[in-house]
1. What is the number of the single condition among (1) outside any helix (DSSP H, G or I); (2) buried (at least 21 other Cβ atoms within 10 Å of the Cβ); (3) among the hydrophobic types (A, V, I, L, M, F, W, C) that residue 273 does not meet?
2. Just checking, does the range 393-408 include any residue being under 27 Å from residue 315 (Cβ atoms), open to solvent by less than 50 Å² (accessible area, probe 1.4 Å), part of a helix (DSSP H, G or I) and charged (D, E, K, R)?
3. Yes or no: residue 283 more than 26 Å from residue 486 (Cβ to Cβ) and open to solvent by less than 10 Å² (accessible area, probe 1.4 Å)?
4. Quick test for you: out of 281, 317, 345, pick the one residue that is over 23 Å from the mean Cα position of the chain (by Cα) and among the hydrophobic types (A, V, I, L, M, F, W, C).
5. Tally up the residues in the range 181-201 that are under 13 Å from residue 396 (Cα atoms) and open to solvent by 20 Å² or more (accessible area, probe 1.4 Å), please.
6. Give the residues of the range 78-94 that are of a type outside the set (A, V, I, L, M, F, W, C) and either assigned to a loop (DSSP other than H, G, I, E, B) or at pLDDT below 55 (or both), sorted by residue number.
7. Which residues, taken from the range 172-192, are of a type in the set (Val, Ile, Thr), at pLDDT 85 or above and over 14 Å from residue 378 (Cα atoms)?
8. State whether the residues of the range 131-144 include one that is modelled with pLDDT of 85 or more and of a type in the set (Val, Ile, Thr).
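The values are calculated or read from the model by the stated rules, or taken from the named source; none is laboratory data. Everything numeric in this text was worked out from a predicted model, so none of it was measured. Glycine gets a Cβ as well: all are built from the backbone with ideal geometry, and neighbour counts include every protein chain shown. Keep in mind that these areas ignore ligands, DNA and RNA; they rest on the heavy atoms of the full protein, side chains included. Shrake-Rupley method; radii C 1.70, N 1.55, O 1.52, S 1.80 Å.
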Amino acid sequence: MLVTLSGDGVQVVGIHITEFSEYLLIVLVLILIVSLFRIMFAKIPQKLKVMPESGVVIILGCIIGLILFGAGVGEHELLTFNSEVFFLLLIPPVIFESGYHLNNVAFFTNIRLILLYALVGTFINTVSVGICIWLLNPLFIIKLGLAEALTFGALISAVDPVAVIAIFDEVHVNQTLNILVFGESVLNDAVSIVLYSVFSALIHVNHITWVVPGLALSKFFWVAIGGLIMGILFGLACSFLTRFTNGHEIVFLEPIFVAIFAMLAFVVAEILLMSGIVSVLFAGIVMSRYVEMNVGYKSHLAIKYMVNAAAIVADTLIFTYLGISTIFHIVEGDVWDPALICFTLIFIIVFRFILVFVITFFENRVRLDKVSLRDQFIISYGGLRGAIAFALAFLLDEEEVDARGHIITATLVVIWFTVFIMGTTIKPVLSLLNVRRSQDRKQRLAEKTFTYPVQNILSCVNIISGHAQQAWYMYIWHWIDHQITFICVRKLHEGEEELLNTLTKQRKDQPAEAPQNVNMSRMNKNLRNRDPKKRQSQEVSMTDLGNRLNASMNIPLTESHRMGSTMGE
């Protein structure tokens with residue numbers, strides 16, 4: 001559209017709107033509206049917040065959809081998200097943020113149970129829901145083939161813990177419950193997407209023979225294991241590159257490298273028909289370990305806020321569009337299948353409760369820190385559906401899947417039910433069950449001092465008592481971690497070590513003060529691995545060293561340690 005005000009053939013004032021600028025303007029306005037709404041939501045007292053934030057964003061999307069529908073604007077005229085853009089630009093930031101800010105210590109401490117939930121539980125849940133939906137085909141308005149039913153089972157098994165984790169942080173539940181729900185959901189999303197890609201590929205197969213299951217299993221391993229390896233490689237590449245960004249002139253490139261390598265991990269994996277979600281997830285986990293030991297404090301803050309902002313914007317756009325799509329799907333009355341919706345809700349809830357209790361029962365027999373029945377109930381009850389399920393349903397090809405509209409509608413209703421009913425009531429359920437809370441206190445000096453010696457003593461006890469398997473796993477992991485750190489993490493220069501010794505002496509004289517903006521995790525790592533033979537002998541002036549570390553003496557010691565532990569995680 002071109003509107004001009006001109007005279008004598010010279011354009012003076014005008015309005016020129018192209019299709020791209022119109023699309024971009026709408027997206028920017030949506031982000032602005034939702035951001036303002038989030039500010040208003042943040043000002044509401046905690047006691048009055050009875051609804052999860054994701055539910056509020058969905059309602060806002062419904063309001064926008066009603067306005068657009070009342071104005072006679074069709075959904076596909078302005079607000080149609082291209083499936084590739086939707087999947088390439090909105091989903092990766094959410095997954096990368098989950099991996100980058102993952103609590104690695106708690107996650108790998110409970111890794112076996114998390115893997116059982118995410119791998120075994122998600123697979124059985126997907127197959128169970130899919131087969132049950134397929135067997136009940138005569139009750140539905142539109143028929144689903146076996147491959148289509150399994151694809152639907154895979155996408156509806158993807159959980160979104162955003163609302164639940166926000167409530168957990170508010171009421172301070174115990175760390176084990178928190179990491180089990182969060183870790184299971186992160187890996188569950190990746191496994192659900194891998195299963196979705198495998199089963200959706202079977203839709204094209206007309207005749208299933210004994211060869212097809214073998215090919216599907218091979219595709220599963222290629223997609224999952226290939227994506228994992230690709231993510232680790234890109235994470236290590238980014239870590240190695242940031243080893244050389246310590247110059248004052250190029251330090252601003254560190255957040256850019258993190259963003260580029262995160263997207264490269266996703267795009268390259270998708271090009272090679274691997275799982276981009278698995279790739280970007282493990283790229284985030286690797287970067288959070290090794291990139292954080294290279295970058296300075298300012299870059300750490302820049303990366304932190306960049307990753308959080310990208311994830312929040314992407315997640316908000318997905319939930320906003322979810323609300324808009326709900327309005328337009330309500331108008332299209334031919335895509336409603338009450339039987340499919342009701343049985344889907346029943347199956348996902350029942351199977352999740354059964355699988356969580358059965359898996360945890362067998363795991364508790366060999367687990368020292370038992371998962372209580374109350375925690376198991378909360379894990380089962382916290383299986384909310386959200387952005388990933390909606391995105392996968394949206395990606396279905398209408399030409400290949402006749403029931404695409406019915407599947408999207410059923411997914412929308414499931415998301416609405418889990419977010420608004422289960423998400424709203426989970427906080428009262430936590431109080432009713434009196435779930436164990438975390439101890440909100442500072443770590444004592446003795447706990448900080450004896451953590452590593454006690455771990456080493458326990459490893460020796462395991463070896464002596466014949467339970468050396470876990471100790472060998474930890475020994476191998478520490479050896480690998482040491483080698484990667486030696487290659488990807490830059491060592492302290494002589495000037496840095498001189499400054500560190502000075503700070504150590506000063507800390508004895510003034511124990512309440514410590515330097516600001518110093519990467520304490522990097523300092524501590526190099527202190528533990530200090531080896532004069534491997535130390536780099538690069539002369540650094542105190543002026544350049546001061547510019548690099550940006551040290552000043554006005555932050556309490558406890559705050560400095562807190563920042564260092566945060567970056568170390």
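1. It is condition (2) that residue 273 fails.
2. Yes - at least one qualifying residue is present in the range 393-408.
3. Criteria not met by residue 283.
4. 345
5. Here the count works out to 5.
6. The answer is 80, 82.
7. The one that is of a type in the set (Val, Ile, Thr), at pLDDT 85 or above and over 14 Å from residue 378 (Cα atoms): 191.
8. Checked the range 131-144: at least one residue is modelled with pLDDT of 85 or more and of a type in the set (Val, Ile, Thr).
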